[in-house]
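Undergrad: The structure's right below; bear with me while I get my questions together.
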Amino acid sequence: MILVLKTTATPQQIQALRESLTARGLILQELQGESTHMIGLAGDTSGISADDVARHEAVERVMRVQTPYKLAGRKFHPDDTVITVRGSSIGGGNFDVIAGPCSVESEEQITAIAMDVKKAGAGFLRGGAFKPRSSPYAFQGLGLDGLELLKHAREQTGLPIVTEILSPEYLKDFEREVDVIQIGARNMQNFQLLREVGALGKPVLLKRGLSSTIEELLMAAEYVMAGGAREVMLCERGTRTFETATRNTLDLSAVPVLKAKSHLPVVVDPSHGTGYWDLVEPMCYAAVAAGADGLIIEVHNRPECALCDGGQSVTPDVFSRMMGKIKALRDVLAN
Ligand code: PEP
Ligand code: MN
């Protein structure tokens with residue numbers, strides 16, 4: 001915490017401030033220029049309220065320098081977190097791809113796509129059973145039946161399943177059945193849900209909110225971790241901007257920014273980030289070049305018939321070709 005003192009503060013007021021701070025066990029470091037006088041506070045400032053200090057007659061302004069996300073931040077956890085599920089790892093130099101349809105539609109659909117993405121080299125299977133749709137009349141997902149179909153596809157392929165939770169009502173089912181619990185963009189600041197999912201202690205894929213800052217994403221991760229979880233993947237999936245040529249504006253600069261601020265793995269979703277299947281491929285390569293630890297890609301074997309997000313889903317053939325290029329690109333970057 002840094003205190004900027006008022007230029008009108010008297011020596012007596014400043015001395016009284018010093019004494020009240022040192023009495024609380026803090027170490028003071030002062031910087032005095034011609035027109036500025038600042039006091040830096042070192043030591044445990046966690047019990048000190050910036051508002052209380054700002055009320056002191058000698059103080060003009062208080063700046064907090066400590067990160068508000070202690071569990072998600074790199075400061076107290078310098079080493080990258082590696083998340084390993086059923087043999088697939090993301091983070092700390094491990095790269096993997098989460099692929100599958102936007103939503104689970106039928107046993108044939110999810111099993112066929114799961115086999116295709118596995119063959120192409122994906123390490124995780126995605127598929128929504130509970131869908132957060134803008135319209136209450138749109139397909140809402142198969143619910144618990146969808147979870148059963150995902151489990152079946154996992155048995156067939158060995159791929160761990162990643163699927164979104166919409167409400168705490170199904171926490172027990174997700175705890176039992178799901179490998180990585182997805183918290184969607186619309187729920188990124190559903191703080192009660194974040195805590196309760198965190199308390200399960202399972203790996204979480206946390207998507208950036210529709211209009212959220214990077215700091216807000218990190219604070220949402222902090223909620224999940226304060227609940228108890230330690231394995232959280234941060235997902236950049238684009239935010240809403242004035243641009244209408246794409247569904248969202250994929251913020252690839254978030255990748256190096258998040259990786260500098262946090263030890264958690266960063267996954268990029270170019271499907272929701274762009275909204276168009278033919279933009280997914282170039283943005284996948286760009287995300288890899290930016291240092292992403294993983295990608296989450298929507299793949300559908302009949303995109304024209306998909307019940308959700310067909311326009312941004314790539315076919316298994318395109319996906320397979322992309323996977324080859326992603327590998328080649330990663331090899332180049334490693335050298
Ligand atoms: C999804 O992954 O299908 C989804 C709904 O994503 P988001 O929460 O990023 O919109
Ligand atoms: Mn989708």
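The values are calculated or read from the model by the stated rules, or taken from the named source; none is laboratory data. Note that the coordinates shown come from a computational prediction; the quantities given were computed from them, not determined experimentally. When we count neighbours, we look across all protein chains shown, and the Cβ atoms used for this are built from the backbone with ideal geometry, even at glycine. Ligands, DNA and RNA are stripped out before the accessible areas are found, and what is left, the full protein with its side chains, is counted by its heavy atoms. Shrake-Rupley method; radii C 1.70, N 1.55, O 1.52, S 1.80 Å.
Undergrad: Any idea which of CYS308, GLN13, PRO256 is furthest toward the positive side of the dipole for the chain, if Lys and Arg beta-carbons carry +1 and Asp and Glu beta-carbons -1?
TA: Going by the Cα projections, it comes out as GLN13.
Undergrad: Further question on the same structure: Any idea what the dipole of the chain comes to, in debye rounded to 20, about its Cα centre with Lys/Arg Cβ at +1 and Asp/Glu Cβ at -1?
TA: 380
Undergrad: On to the next question. Too long at a 27 Å Cα-Cα cut-off: which of LYS70/LYS131; LYS70/LYS207; LYS70/LYS118; LYS75/LYS172; LYS261/LYS325? Please report the intermediate quantities before stating the final value.
TA: Working: LYS70/LYS131 32 Å; LYS70/LYS207 19 Å; LYS70/LYS118 36 Å; LYS75/LYS172 33 Å; LYS261/LYS325 29 Å.
Result: LYS70/LYS131; LYS70/LYS118; LYS75/LYS172; LYS261/LYS325 exceed 27 Å.
Undergrad: List the residues whose amide H sits under 5 Å from the amide H of VAL204, counting only those 5 or more places along or on another chain, with H placed 1.01 Å from N in the peptide plane.
TA: HN-HN under 5 Å from VAL204: ILE181, GLU231, VAL232, MET233.
Undergrad: Please compute the volume of the convex hull spanned by the alpha-carbon atoms of the range 1-153 and report it per residue in Å³.
TA: Once divided by residue count, the hull of the range 1-153 is 217 Å³.
Undergrad: Hey, another quick one. Take the alpha-carbon positions of the range 181-313, form their convex hull, and give its projected area averaged over all directions (one quarter of the hull surface) in nm².
TA: Averaging across all directions leaves 8.0 nm² for the Cα convex hull.
Undergrad: Which order, highest average first, do 244-250, 127-133 follow once you tally other Cβ atoms within 10 Å for each residue and take the mean per peptide?
TA: In descending order of packing, they fall as 127-133, 244-250.
Undergrad: Seen from all sides and averaged, what is the projected area of the convex hull of the Cα atoms in the range 2-63, in nm²?
TA: Mean shadow area of the hull around the Cα atoms is 3.8 nm².
Undergrad: Moving on. Computed on alpha carbon atoms, what radius of gyration and Dmax characterise the range 110-242, expressed in Å?
TA: Values for the range 110-242 (Cα only, Rg and Dmax): 14.7, 44 Å.
Undergrad: For the peptides 81-89, 118-126, what is the packing order when you average, over each peptide's residues, the other Cβ atoms within 10 Å and list the highest mean first?
TA: 118-126, 81-89
Undergrad: In whole angstrom, and with the biggest value first, how far do the Cα coordinates of the range 290-335 range along each principal axis?
TA: Extents along the principal axes, in whole Å: 42, 18, 10.
Undergrad: Write down the Å³ per residue value for the convex hull defined by the alpha carbon atoms of the range 83-334.
TA: Hull volume normalised by residue count: 114 Å³.
Undergrad: Compute all pairwise cysteine Cβ distances in the chain, then list the cysteines with no distance under 4.7 Å to another cysteine.
TA: Here CYS235, CYS284, CYS305 come out as lacking a disulfide-compatible partner, given the Cβ-Cβ threshold of under 4.7 Å.
Undergrad: Counting only protein heavy atoms, what percent of the accessible surface of the range 83-334 is carbon or sulfur at a 1.4 Å probe?
TA: With neighbouring chains kept in place, the figure for the range 83-334 is 51 percent.
Undergrad: So what's the projected area for the range 209-274, the Cα convex hull averaged over all directions, in nm²?
TA: So the Cα hull casts an average projection of 4.3 nm².
Undergrad: Still on this structure, I have one more. If R0 is 45 Å, what FRET efficiency do you get for ARG186 and ALA42 from their C-beta distance, rounded to 0.05?
TA: 0.65
Undergrad: According to a simple spin-label model (label point 7 Å from Cα along Cα-to-Cβ), what is the distance in nm between THR8 and GLU243?
TA: About 4.8 nm separates the two model spin labels.
Undergrad: Additional query: Taking the dipole about the Cα centre of the chain, with the C-beta of Lys and Arg at +1 and of Asp and Glu at -1, give me whichever of VAL268, GLY40, TYR170 is farthest to the positive side.
TA: GLY40
Undergrad: Now a separate question. When the Cα centres of the range 157-233 and the range 1-28 are compared, how far apart do they sit, in Å?
TA: If you average the Cα positions of each part, the centres end up 43 Å apart.
Undergrad: Another question, if that's okay. Output the peptides 302-314, 227-239 sorted from most to least packed, where packing is the average of other Cβ atoms within 10 Å over each peptide's residues.
TA: On the way: 302-314: 18.1, 227-239: 23.5.
With the highest mean Cβ count within 10 Å placed first, the list reads 227-239, 302-314.
Undergrad: Another question about this same structure. Any idea of the accessible area per residue across the chain, 1.4 Å probe, to the nearest Å²?
TA: Ligands and nucleic acids excluded, the result is 45 Å² per residue.
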